[in-house]
1. For labels at Asp9 and Glu450 in the simple 7 Å Cα→Cβ model, what's the distance in nm?
2. What lysines could a cross-link reach from Lys13, if we take a straight Cα to Cα line under 17 Å and drop same-chain neighbours fewer than 8 places away?
3. What base-10 log of the normalised intensity I(q)/I(0) is obtained for the range 481-640 from the Debye formula, alpha carbons as equal point scatterers, at q = 0.11, 0.20 Å⁻¹?
4. Could you put Ser140, Ser23 in order of accessible surface area, largest first, with the 1.4 Å probe and the full protein assembly present?
5. Please give the per residue volume of the convex hull enclosing the alpha carbon atoms of the range 226-326, rounded to a whole number of Å³.
6. Starting from the 7 Å offset along Cα-to-Cβ, what nm value, one decimal, do you get for the label separation of Leu291 and Met614?
7. In whole percent, how big is the carbon plus sulfur part of the accessible area of the range 343-466, probe 1.4 Å, protein atoms only?
8. For the range 343-466, what is the convex hull volume of its Cα atoms per residue in Å³?
Amino acid sequence: MTSIKISSDVFNKYHTNGKLRLSTGYVQEALEKQGYPGHDGVVQILKGKEDIGEQMGHGFTYRIRICDGIFQYNTLVSADIDDQIKREAEHLVEGAIIAITNLSTFSQGAGIKTSFLITGYTLLSRYHQTLSAPEVKPRSHSGNPAEHHGYRPNIVVEDVWPEAESITSEFQENMSNPPAAKMPKRESGGEASHNRVPAPEPHRSRAPPPPARRGPSNTERGVIPIAMVTPYVNNFRIHGMVSRKEDIKNIPAKNMKIFNFEITDSNGDTIRCTAFNETAESFHSTITENLSYYLSGGSVRQANKKFNNTGHDYEITLRNDSVVEAGGELLAAPKLNLKRVSLAEIAGHCGEMIDVLVIVEKMDAEATEFTSKAGKTLTKREMELIDESQALVRLTLWGDEAIKANVDDYHGKVIAFKGVIPREFNGGYSLGTGSGTRIIPVPEISGVSELYDWYTTEKPHSELKLISQTSGGMSEAPRTIAGLQEMQFGKDSDKGDYASVKAMITRINPNSALYKGCASEGCQKKVIESDGEYRCEKCNKSMNKFKWLYMMQFELSDETGQVYVTAFGDSAAKVVGKTAQEVGDLKDENLNEYNATFERLQFVPKMWRLRCKMETYNEEVRQKMTVFSVEEVNQDKYIENLKELIEQMKGIEDEGSY
Ligand SMILES: [Zn+2]
């Protein structure tokens, strides 16, 4: 092995106060620029060269792992730097420090992270212990520039430059005249560290803690991980980066101001914080997104999961004695903490903020403008999402998000949507986006490559089930009445959940199937009869006519039990096979036929689609079931569905048999 000779030109170009200082944040910068960021980067090699030969038309020769003091990244070194490689390749070893003088990036395909290809470098030094600042542990970069966008850490990671010792001492002498600018002296290692040029093995001493970055010595005292914040922890103090800052919301009716932000610690845990009125204003003006803060004081309460998708069970309400101080620079690396819900399961989370990891199967080529009922001009863009659950769900982007979305960035790509809200319409489901939604294309998290695998290998042969608006929704496995009652089906959603059962009407009272309703268009209020007039309290009007309306209650039974359900409107008409007016006329003209009409509905098995919901009557919670639709039993389909159910149950048994 030959030793490296450093020319004074190289020294002058790359030294900082005579030392070798890593270009912290260089990996992020190169990812943002997708190539050489316009200046050389001093990085350390963590893993030495590994011959990989030629790959995919690129003449790489070596794979190394570099570290800029903050981020680590796997990097290829081009064989085109031939002469230099031949002379110096043996120096591309663990612990060496190089200056990247040219760099390009390329991607080997959708979903595969951007690769760096070094096409020019200067070897600066060998044999350094892995360098890092005491406050930051270098970590792997995901390759997604959006994750740390704009992050330019002011963190010093440096070491002595043994190969430049002779030049350093000259430099030191030159610098010794103005004492203020004296080169900082090593705190440990002393003189010995200067004599390690041809050292046979890596030196064990670590870089000195950079004095410039020391914060107030007591800042770490009493800091607890964000995950540990509960109402039972008194006087908590947390440290993290503000990962999300919202605008102040004004609620004029209540004369109230609200400010929400989220803070994420180095473990990747996030907590939502809320401040009101003056506190809202003062914190809104001091807090900057992507900067680090210590936060102490505040009331901890249960998180409202409708507005909070951090995954934390609690959130913090700031008080006027809460303290938020900037400091303790944290690696801007909040991991993407996805609480993923599969598309087939979104119905169980109606109205809640959830996260999904999906592939965009289809997307409108352009955003479309339309006028809302309130006369506002709105812009939207629809897309269809799929995932391994073989469900297909529609999602709508609004406003700027709809306009700026580029089809190439979405179509056929894995996208994480964080903070979307499943909505129900006519028994089908779609996903809504809002100000709290974050869209992360090709995120660097587990599950992405599995999803791509599924997309390329299994999806072409799978039958996707639309669970959006147009769904009639009889496709899921049927349930039983007792099952729905036992599991209190519908308890997870304010609006209720839908289920299908095969059952028959076993009791129905024709006398209470209809009522006389207000004749006004669109009004369904029951009228009060007096002196041949029909009075509607809602319309505050008396009329000489009324219309018949359905309000049926009947008993449904299957092999497992029975339940009273309610049907009205079009659903009831579908049950009876006649409109309310037709049946009402029968009641007046032919009571026998009227009664027979309801008689005939009994003991005929049908497929019922029920909406189940928990409701409170007199402080007692009861499950209410309403008929959404009814269909003839399609025996083939029913048997198919039962088979599916049996398979699912087998799965449960297998899991339970450990
Ligand atoms: Zn009315």
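The values are calculated or read from the model by the stated rules, or taken from the named source; none is laboratory data. Being a predicted model, the structure only gives us computed values, none of them experimental. Cβ atoms come from the backbone with ideal geometry, glycine included; neighbour counts cover every protein chain shown. The protein model used for the area step is the full one, side chains on, heavy atoms only, and it has no ligands, DNA or RNA in it. Shrake-Rupley method; radii C 1.70, N 1.55, O 1.52, S 1.80 Å.
1. Going by the 7 Å Cα→Cβ label model, 5.5 nm.
2. Qualifying lysines at Cα under 17 Å: Lys5.
3. Debye output, listed in q order: -0.52, -1.26.
4. These residues rank, largest area first, as Ser140, Ser23.
5. For the range 226-326, the hull spanned by Cα atoms encloses 93 Å³ per residue.
6. For the pair Leu291/Met614, the computed spacing is 4.5 nm.
7. 48 percent
8. Numbers: hull volume 13.9 nm³, N = 124.
Taking the convex hull of the Cα positions in the range 343-466, it is 112 Å³ per residue.
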